[in-house]
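The numbers here are math on the coordinates, done by the rules we state, and not lab data. The structure presented is a predicted model; accordingly, all values stated were derived computationally and were not measured. Every residue, glycine as well, gets a Cβ built from its backbone with ideal geometry; the counts of neighbours run over all protein chains shown.
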Amino acid sequence: MDDIRNYIRTIPDFPHEGILFRDVTTLFGSARGFRLAVDQLVQPFAGTRIDKVVGLEARGFILGGAVAHQLSCGFVPVRKAGKLPAATISQSYTLEYGEAIVEIHDDAITAGERVLIVDDLLATGGTAEAGITLVEKLGGVITGCAFVVDLPDLGGRARLEKLGYAVTALCAYEGA
């Protein structure tokens, strides 16, 4: 069971017909699987100066908090609009059918801080790019983007790499 894919459940036709949903809650529910995922997410950045881990709503909070703990750095959530209690900055991004907005506290990142973006899944890259934009608006420097699952057919990795960001993923599923 040392392959991350063995801990991820696939649910056909969710949330729509024809979609194969990659459910990481089964990974989170396994002590061994969760430890394996966190260790593998941390490994490429061990010994690298990282000041903050930014977790993208919502499963990125679970992973990002654990990664920040292992890297001995701070954790910052990027949330859906209206969920953070203090002053924020926001960034809109395009979804498959419409637009969404994410926010970050305006004092969460200090100029020059080195930031790692963490989330469970990389699809089109829209949420990740919005998170990156927020960090950079605050003067943060992106050291990398780490995901458990990459869906390469949806182009997120290519999109982020084209923008110059290093992307790591623990596993990939072709034919999303």
Please give the calculated 222 nm ellipticity per residue for the chain, where each DSSP H segment of at least 4 residues contributes -39500 (n - 2.57) and the sum is spread over every residue; nearest 500 deg cm²/dmol? -8000 deg cm²/dmol
Inter-label distance for residue 25 and residue 141, nm, one decimal - labels placed 7 Å from Cα along Cα-to-Cβ: 4.0 nm
P(r) over all Cα-Cα pairs of segment 1-128, 10 Å bins from 0 to the longest distance, whole percent per bin, short to long, reads 12, 37, 35, 15, 1
Beta bridges per DSSP with both ends in the chain, % antiparallel, nearest 5: 40 percent
Ignoring the sites themselves, what is the longest stretch of the chain with no GluC sites (Glu not before Pro) in a DSSP loop and at most 12 other beta-carbon atoms within 10 Å? 18-95
